[in-house]
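Working notes, beginning with the structure itself.
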There are 2 protein chains.
Amino acid sequence: MKIALAQTNFLLGNIAANVKNIIKASEYARDELGAELIVFPELTLTGYPAEDLLLRPDFIAAANNAVYQLADAVDGIALVVGFPELDGDKLYNSAVVLHGGVTLACYRKRALPNYGVFDEQRYFAAGDQPCVFEFNGTFIGLTICEDVWRPGIIADNKKAGAELLLTLNASPFNSGKIHQREAIICSQVKAAEIPLVYVNQVGGQDELIFDGASFVVNQQGEVVFRAAEFKEQISVVEFDGNQPLSSTCAPLYQEISSDYQALVLGIKDYVRKNGFQGALLGLSGGIDSALVLALAVDALGADKVEAVLMPSQYTQDMSIEDAIMEADALGVKHHTIPIEPAVTAFNGMLAELFAGTAKDTTEENIQARCRGVILMAISNKQGKLLLTTGNKSEMSVGYATLYGDMAGGFAPIKDVPKLLVYQLAKYRNSVSPVIPERVITRPPSAELAPDQIDEDSLPPYDLLDPILERYVELDQSAEQIIAAGFSPEHVARAISLVDRNEYKRRQSPPGIRITPRAFGRDRRYPITSGYRGI
Amino acid sequence: MKIALAQTNFLLGNIAANVKNIIKASEYARDELGAELIVFPELTLTGYPAEDLLLRPDFIAAANNAVYQLADAVDGIALVVGFPELDGDKLYNSAVVLHGGVTLACYRKRALPNYGVFDEQRYFAAGDQPCVFEFNGTFIGLTICEDVWRPGIIADNKKAGAELLLTLNASPFNSGKIHQREAIICSQVKAAEIPLVYVNQVGGQDELIFDGASFVVNQQGEVVFRAAEFKEQISVVEFDGNQPLSSTCAPLYQEISSDYQALVLGIKDYVRKNGFQGALLGLSGGIDSALVLALAVDALGADKVEAVLMPSQYTQDMSIEDAIMEADALGVKHHTIPIEPAVTAFNGMLAELFAGTAKDTTEENIQARCRGVILMAISNKQGKLLLTTGNKSEMSVGYATLYGDMAGGFAPIKDVPKLLVYQLAKYRNSVSPVIPERVITRPPSAELAPDQIDEDSLPPYDLLDPILERYVELDQSAEQIIAAGFSPEHVARAISLVDRNEYKRRQSPPGIRITPRAFGRDRRYPITSGYRGI
């Protein structure tokens, strides 16, 4: 028996298009790959996560009707498709097996994740039993994503007679996730001695990247097939009864390369799926925008990307030189628009009101906001997506100007801590040198005041980043972080900045999640809060 | 027996302060009101909703330690306090009864809402049994919020021997909610024939307003006591055994007045709890900013509010006249800063790049964004909260400029549809006339282009608002809305605008929820989406 793994990258919410794509993929798997059964990702028909679209009766009706439409749409191959199954007033996260007009089985997901980025209990009722069907003489059990991460459900399937498991997934990427995923699932498979076919969605969906890397495990718990990471792919694995035969295993990327590919895919899909003409960004000569430019070009091609230099009196010559050098190296069109006329205008307009007050961050923010106005005007005029270039360290401590450098439709490196920004820049240069060396080696600066560097306001990044990881991602207390060897002043400074900058994060554009806890749907903090981590 | 209802307005997350406030309220109830038992709202110690603070071990430990601290802190009165109870690796939404150093009972909430603005299954495990304790010879059952909205749990308590029910709540306001709340709970109480004491939190917490209006129902299902709406209040009700004696019932506000009070409280608490020096806003002479100014003054006092007029060449004289007239009527300081110098600067800076292109919304957005820069500069310099003045109709269809008129820390009327904006303005003028009549009667305009009015771009509001309510709040399909009598063109225009403007809403500031479905935590839509309502 040949089973096809459909690692697809569909547009979320477009059920009609997804039906066509399912049919096309199934016919391809049957005709070109000789498959007798094809497995699609979790909630294939809607895409994942469809969020509150799942509360719309018209949307749910369309998805349920699509199953009827699919039932006899493709001959000679069985389709395993995920959909939000409506039964009375209950909605289930289900997988249906369609074969020649007959529904062979329909399984309702039992383990509904409701943590991190997952809100499945907001939408779905849980199923309460395994579902095993016979196909070509083999008893096959159905499972969906979270089911195979929890103890018990795989064993339950075996008890119910399953000899082979199919798992439909929408398992989002974060750094190192693929190893964790394979390790957990392989160990469960090994314990239960039942082979498993794991099909994952691929593609970017707002904050989330689905990395694909679908795989097949034999009953010894060994991966005998693996599809590519970050790519759409329909592949096939041959089985002897319930036993998968060894096939190709796509090699796993190094973690840094994985992170880079995730960011590239995230930009590419956000631009493509939202119908933008391309992307633009402010190129400062600093490391953050340098990395985002390289990512954008790798995602979209140089002809779709535009860089804007917006120097001020505080911009050093080397910033301009390095920005132009990178744009040229990447073959990207660039414009230079000095911000001085607008800054002067605003300072004049506010002179009377601000008379007698000292200069403070207000004046710095005006500069950043003038840049925001220029970039948004170009974005509006040209239909290009404005990429904002802030990193996770800045987002954490609020070292960014709301409506200024935070302006933009998408924030590619919002979940990338500063130290990782450097590593990714070096990684990119190791593929081909595009980011000038000086951008990597000079001390980072916002260039909003004379001789300003980030360390004037923040602990050094090699101390700040690990403190932030502990506080933001691991929920450690100040006490624990200090006990781990960080200085009380640095910890206090970092934590108090994180605590009081939630309001900025709430208005930041979505960005690509690559850590186990990103800002956004993943970390839901109140703005109004008397909690003080320090 | 006298039972006190502590309708408190605590700062979320500040456990140490909340402990002190609980002690203070309990001593007051004992000494001044003669109460023997005092009931606090749901999750008293942390405030509600504490969101992902509940995932922090240090925060949970502090809340659990606070219970020990409270246990013998107040003599001579029993305290019923809500807290997140940690047991092993499980967290419960619990209510504990503390009396003279002894824990009389501890109840774990059984019905955990996970819809709308509620995410309780993200944090809590559900309890599975009623909890009845004896106090002064009466058997008292404990319940928490959602428990008494669902059939079964009240009856369960009665079966378990309860003669009187206490309910700890954090029940957020929306228009008409108080009637719905009392109707549902009274009918359940009547069916079960068991008196009930309902204590609700009061105050603003980011998007949510808790309206208080705590009440006591006798076993005939009649409200025999009601605390004020939208006010902190500690009150007492006398019981004969389990039977509450009739007491004062605060009259219910008219719905329009309730909506107004909710908005006032929302502004007041956001400013106060976040430590702002006051508030400012751009006053255009239009109805939206006129209403927000009145609300802000009613919330904070005229001396804490500042209005900024920012006319352009498209601003009509009557706009300036009306804006100044209102500011004067309310006694609010105002400044006038024409935006022309900045607009001219930007147009000049972009002239080369935009040469040969036609004027479009880009140029309109530049004007709006210049205003955003000015207002944010004043906000930054003075430590005042910038109130943004967009209404729900605009938020729905994206008739607003990101980083322009959408700039601000808080959006008081973000959930108020345009027609309700007019009603609220008239209501405010009925109390005392502050909004010039012409602001209410002239056709609404963004004044970003010559002779522009909203109806050039949008269906008339008396058609748009009901379409939006059906699509956004009621999840109706285009087909259903057209079948209800709306023109297909208007429906198509409205829905397509809603669908494609999710990206703007995602970056909008938080605002006060007054409808059954607000934008924000209440309506979670993907940006990247192939779903088209039309």
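The values are calculated or read from the model by the stated rules, or taken from the named source; none is laboratory data. Since the model is a prediction, treat every value here as computed from it, not as a measurement. Backbone-built Cβ (ideal geometry, glycine too); neighbour counts: all protein chains shown.
As an exercise: evaluate B:Arg442 against (1) under 30 Å from B:Ile339 (Cβ atoms); (2) crowded, with 20+ Cβ neighbours inside 10 Å; (3) basic (Lys, Arg) and give the number of the one condition it does not meet.
Condition (2) is where B:Arg442 drops out.
Go through (1) away from chain B (no Cβ under 14 Å); (2) surrounded by fewer than 19 Cβ atoms within 10 Å (Cβ to Cβ); (3) basic (Lys, Arg) one by one and return the number of the condition A:Lys20 breaks.
Unmet condition: (1).
Which one of A:Gly383, A:Gly390, A:Gly356 is at pLDDT 95 or above, under 19 Å from A:Tyr270 (Cα atoms) and surrounded by fewer than 20 Cβ atoms within 10 Å (Cβ to Cβ)?
A:Gly383
Restricting to the range B:311-333, what's the tally of residues that are among the aromatic types (Phe, Trp, Tyr) and within 14 Å of chain A (Cβ to nearest Cβ)?
Residues that pass the stated criteria total 0.
Only one of these conditions is not met by B:Val434: (1) within 14 Å of another protein chain (Cβ to nearest Cβ); (2) touching a Lys or Arg at 6+ places or on another chain (Cβ under 7 Å); (3) closer than 30 Å to B:Ala327 by Cα; (4) among the hydrophobic types (A, V, I, L, M, F, W, C). Which number is it?
(1)
Looking only at the range B:270-297, filter to residues that are among the charged types (D, E, K, R) and in contact (Cβ under 8 Å) with a residue 40 or more places away in the chain; which one of those is farthest from B:Asn429 (Cα to Cα)? Reasoning before the result, please.
Filtering the range B:270-297 down to residues among the charged types (D, E, K, R) leaves B:272-273, B:288.
With in contact (Cβ under 8 Å) with a residue 40 or more places away in the chain added as a condition, the list becomes B:273, B:288.
Details: B:Lys273: 28, B:Asp288: 14 Å.
So, considering only residues that are among the charged types (D, E, K, R) and in contact (Cβ under 8 Å) with a residue 40 or more places away in the chain, the one farthest from B:Asn429 (Cα to Cα) is B:Lys273.
Residue check: is B:Leu5 in contact (Cβ under 8 Å) with a residue 40 or more places away in the chain and more than 14 Å from chain A (Cβ to nearest Cβ)?
Yes, satisfied.
Any idea which of A:Ile184, A:Ile194 is of a type in the set (Val, Ile, Thr), modelled with pLDDT of 95 or more and surrounded by 20 or more Cβ atoms within 10 Å (Cβ to Cβ)? Write out each step before concluding.
On the way: A:Ile184 fails: surrounded by 20 or more Cβ atoms within 10 Å (Cβ to Cβ).
Criteria check complete, one pass: A:Ile194.
Any idea which of (1) surrounded by fewer than 20 Cβ atoms within 10 Å (Cβ to Cβ); (2) at pLDDT 95 or above; (3) within 30 Å of B:Ser319 (Cα to Cα) is the one B:Arg517 doesn't satisfy?
Of (1) surrounded by fewer than 20 Cβ atoms within 10 Å (Cβ to Cβ); (2) at pLDDT 95 or above; (3) within 30 Å of B:Ser319 (Cα to Cα), only one is false for B:Arg517: (3).
Go through (1) of a type in the set (A, V, I, L, M, F, W, C); (2) surrounded by fewer than 23 Cβ atoms within 10 Å (Cβ to Cβ); (3) within 14 Å of chain A (Cβ to nearest Cβ); (4) within 22 Å of B:Pro516 (Cα to Cα) and name the single condition B:Ile482 misses.
Result: B:Ile482 passes all but (4).
Within the range B:123-133, work out how many residues are part of a loop (DSSP other than H, G, I, E, B) and touching a helix residue (DSSP H, G or I) at 6+ places or on another chain (Cβ under 6 Å). Outline the logic, then answer.
So the first thing to find is which residues in the range B:123-133 are part of a loop (DSSP other than H, G, I, E, B), and the list is B:124, B:126-131.
Those left that are additionally touching a helix residue (DSSP H, G or I) at 6+ places or on another chain (Cβ under 6 Å): B:130.
Total satisfying the criteria: 1.
Away from chain A (no Cβ under 14 Å), assigned to a helix (DSSP H, G or I), more than 20 Å from B:Asp405 (Cα to Cα) and charged (D, E, K, R) - does that describe any residue in the range B:290-298?
yes
Does B:Tyr403 satisfy being within 26 Å of the chain's Cα centre (by Cα), facing chain A (nearest Cβ under 9 Å) and in a loop (DSSP other than H, G, I, E, B)? Talk me through it step by step, then tell me what you get.
Details: within 26 Å of the chain's Cα centre (by Cα): yes; facing chain A (nearest Cβ under 9 Å): yes; in a loop (DSSP other than H, G, I, E, B): yes.
Judged against the criteria, B:Tyr403 is a match.
Among residues belonging to the range B:334-389 that are in a helix (DSSP H, G or I) and among the basic types (Lys, Arg), point out the one that is farthest from the other protein chains (Cβ to nearest Cβ).
Filtering first and then ranking leaves B:Arg371.
Which condition number in (1) assigned to a helix (DSSP H, G or I); (2) within 23 Å of the chain's Cα centre (by Cα); (3) more than 21 Å from B:Asp206 (Cβ to Cβ) is the one that B:Leu5 fails?
B:Leu5 satisfies all of (1) assigned to a helix (DSSP H, G or I); (2) within 23 Å of the chain's Cα centre (by Cα); (3) more than 21 Å from B:Asp206 (Cβ to Cβ) except (1).
Can you confirm whether A:Val373 is free of Cβ contacts under 8 Å to residues at least 40 places away in the same chain and over 30 Å from B:Thr401 (Cβ atoms)?
Working: free of Cβ contacts under 8 Å to residues at least 40 places away in the same chain: yes; over 30 Å from B:Thr401 (Cβ atoms): no.
Against the criterion (free of Cβ contacts under 8 Å to residues at least 40 places away in the same chain and over 30 Å from B:Thr401 (Cβ atoms)), A:Val373 does not qualify.
Go through the range A:504-533 residue by residue and tally those that are of a type outside the set (Lys, Arg), at the interface with chain B (Cβ under 8 Å from one of its Cβ atoms) and touching a residue at least 24 places away in the same chain (Cβ under 8 Å).
Matching residues across the range A:504-533 total 9.
When you scan the range B:471-478, do you find a residue that is buried (at least 19 other Cβ atoms within 10 Å of the Cβ), among the small types (Gly, Ala, Ser) and not assigned by TED's automatic domain parsing to the domain that holds B:Met406, even just one?
yes
Report, by residue number, each residue of the range B:315-333 that is free of Cβ contacts under 8 Å to residues at least 60 places away in the same chain, outside any helix (DSSP H, G or I) and more than 13 Å from B:Gly282 (Cα to Cα).
B:Gly331, the sole residue that qualifies.
So, in the range A:136-170, exactly how many residues are surrounded by fewer than 20 Cβ atoms within 10 Å (Cβ to Cβ), in a loop (DSSP other than H, G, I, E, B) and among the small types (Gly, Ala, Ser)?
Within the range A:136-170, residues that are surrounded by fewer than 20 Cβ atoms within 10 Å (Cβ to Cβ), in a loop (DSSP other than H, G, I, E, B) and among the small types (Gly, Ala, Ser) number 4.
When the residues of the range B:25-51 are filtered to those that are in contact (Cβ under 8 Å) with a residue 60 or more places away in the chain and assigned to a helix (DSSP H, G or I), which remaining residue is surrounded by the fewest Cβ atoms within 10 Å (Cβ to Cβ)?
Here the answer is B:Tyr28.
State the number of residues belonging to the range A:53-74 that are touching a residue at least 40 places away in the same chain (Cβ under 8 Å) and either touching a Lys or Arg at 6+ places or on another chain (Cβ under 6 Å) or part of a loop (DSSP other than H, G, I, E, B) (or both).
Initial filter on the range A:53-74 (touching a residue at least 40 places away in the same chain (Cβ under 8 Å)): A:53-55, A:59, A:62-63, A:66, A:69-70, A:73-74.
From what's left, either touching a Lys or Arg at 6+ places or on another chain (Cβ under 6 Å) or part of a loop (DSSP other than H, G, I, E, B) (or both): A:73-74.
Summing the residues that are touching a residue at least 40 places away in the same chain (Cβ under 8 Å) and either touching a Lys or Arg at 6+ places or on another chain (Cβ under 6 Å) or part of a loop (DSSP other than H, G, I, E, B) (or both) in the range A:53-74 gives 2.
Kindly provide the set of residues from the range A:237-278 that are within 14 Å of chain B (Cβ to nearest Cβ) and either crowded, with 17+ Cβ neighbours inside 10 Å or closer than 17 Å to A:Ile3 by Cβ (or both), ordered by number.
A:Leu265, A:Gly266, A:Ile267, A:Lys268, A:Asp269, A:Tyr270, A:Val271, A:Lys273, A:Asn274, A:Phe276, listed by residue number.
Only one residue in B:Gln452, B:Gln423 is surrounded by fewer than 20 Cβ atoms within 10 Å (Cβ to Cβ) and more than 23 Å from B:Leu497 (Cα to Cα), so which one is that?
B:Gln423
Give the residue that is farthest from B:Leu37 (Cα to Cα), with candidates limited to residues of the range B:70-90 that are modelled with pLDDT of 95 or more and surrounded by fewer than 18 Cβ atoms within 10 Å (Cβ to Cβ).
The extreme case among them is B:Asp89.
When the range A:140-158 is examined, which residues are found to be touching a helix residue (DSSP H, G or I) at 6+ places or on another chain (Cβ under 6 Å) and either aliphatic (A, V, I, L, M) or within 14 Å of chain B (Cβ to nearest Cβ) (or both)?
Of everything in the range A:140-158, those that are touching a helix residue (DSSP H, G or I) at 6+ places or on another chain (Cβ under 6 Å) and either aliphatic (A, V, I, L, M) or within 14 Å of chain B (Cβ to nearest Cβ) (or both) turn out to be A:Val148, A:Ile153, A:Ile154, A:Ala155.
Considering A:Gly137, A:Gly100, which residue is touching a strand residue (DSSP E or B) at 6+ places or on another chain (Cβ under 9 Å) and away from chain B (no Cβ under 14 Å)?
A:Gly100
For A:Asn274, are the conditions met, namely being at negative phi and in contact with an Asp or Glu (Cβ under 6 Å, 6 or more places away or on another chain)?
No: the conditions fail for A:Asn274.
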